[in-house]
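Asks: Starting off with a structure, shown below.
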Amino acid sequence: MNNFKLFGIIVIGFVVIIGNINVSEAGGRGRKYVPDAAIIERPQSEFPPTPVLTHVPDKAVPEEMISIRGKNFFYQKDSDQFYYSNIKEVFFVKDGIETKAEELTSVSYRGKLEDKLTFEAPQESGLYSLKIILKEGDPVVWAKSLIAVVDTRSEEELVRQKAIEEAVKQRQQEEEEEQRVPAEQQAPRCNPNVPTYSQRGCIEEGSEEHKRSPYDGLPCPGEEVPSYSKIGCIP
């Protein structure tokens with residue numbers, strides 16, 4: 001009789017253990033179907049207002065700055081007086097190829113005027129649409145009217161610019177050659193502790209020879225070159 005009771009207790013315990021294992025496995029399998037809150041997409045209403053382009057130029061010059069205007073380039077967070085830019089990157093798109101716009105800056109006029117984006121046009125000429133990548137929200141594509149990137153400089157200006165570039169390159173080569181001259185053939189540096197009249201032929205530190213700009217004695221380049229690099233150029 002006691003053996004029968006003992007056998008019954010063992011059977012019941014075994015059934016309880018098996019039941020707990022099945023429940024645990026079922027719970028584990030069930031947890032796999034619970035959606036992860038981190039991957040739930042945010043509703044569009046939670047994003048800042050989508051930027052709207054109101055003015056896009058139809059022409060641009062390669063590697064020169066252009067500006068576009070619009071609304072909602074900036075936004076305000078709840079209970080925050082500051083304006084935050086929602087513009088991350090701008091791309092020029094031609095034949096399916098995207099070229100990132102460099103020198104990107106954005107200006108907000110806090111609702112008084114339209115917001116402004118300024119960036120550099122691509123180097124290659126052609127017809128481009130715009131793709132604006134936002135920090136929050138879907139990209140904005142502008143293809144209503146393509147931007148014609150064309151070099152509008154006259155042929156004379158192009159020839160003049162090429163001549164300047166070649167002259168600067170020639171001068172750099174000459175300076176490199178001068179640096180290869182043996183030390184014994186170079187004029188000695190003036191000793192600041194000795195009167196210069198007794199050091200004929202020496203080169204003073206800070207003399208004009210060491211301060212020559214790349215365009216010294218050459219035609220003056222355009223406005224894209226800083227003024228300090230145009231010292232001694234010929235207008």
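Where a number appears in this text, it was derived from the coordinates with a stated rule and is not lab data. Because the structure is a prediction, the values reported are computed rather than measured. Heads up, the Cβs are rebuilt from the backbone with ideal geometry, glycines too, and the neighbour counts pull from every protein chain shown.
Asks: So, by mean Cβ neighbours within 10 angstrom, what's the order for 165-178, 85-98 with the highest one leading?
Replies: In decreasing order of mean packing, 165-178, 85-98 become 85-98, 165-178.
Asks: Which value in nm describes the separation of the simple spin-label points at Arg153 and Gln172, placed 7 Å from the Cα toward the beta carbon?
Replies: Modelled inter-label distance: 1.6 nm.
Asks: Give me, ordered by chain and number, the residues 5 or more places off Leu218 or on other chains with an amide H under 5 Å from its own placed amide H.
Replies: Answer set, sorted by chain and number: Ile234.
Asks: In whole Hz, what ³J(HN,Hα) sequence does segment 136-141 give by Karplus (6.51, -1.76, 1.60; θ = phi - 60°), x for Gly and Pro?
Replies: After applying 6.51 cos²θ - 1.76 cosθ + 1.60, I find 9, x, 6, x, 10, 10 Hz.
Asks: Using θ = phi - 60° and the Karplus form 6.51 cos²θ - 1.76 cosθ + 1.60, what ³J(HN,Hα) does each residue of segment 60-76 get, whole Hz, x for Gly and Pro?
Replies: 7, 9, x, 6, 10, 6, 10, 10, 10, 10, x, 10, 6, 5, 10, 8, 10
Asks: Karplus couplings for segment 88-103 from phi (6.51 cos²θ - 1.76 cosθ + 1.60, θ = phi - 60°), rounded to Hz, Gly and Pro as x?
Replies: Ordered by residue, 3J(HN,Hα) equals 9, 8, 10, 10, 8, 10, 9, 6, x, 9, 9, 10, 5, 7, 8, 6 Hz.
Asks: Rounded to two decimal places and with Rh computed the Kirkwood way over Cα pairs, what is Rg over Rh for segment 44-149?
Replies: Rounded to two decimals, Rg/Rh equals 0.98.
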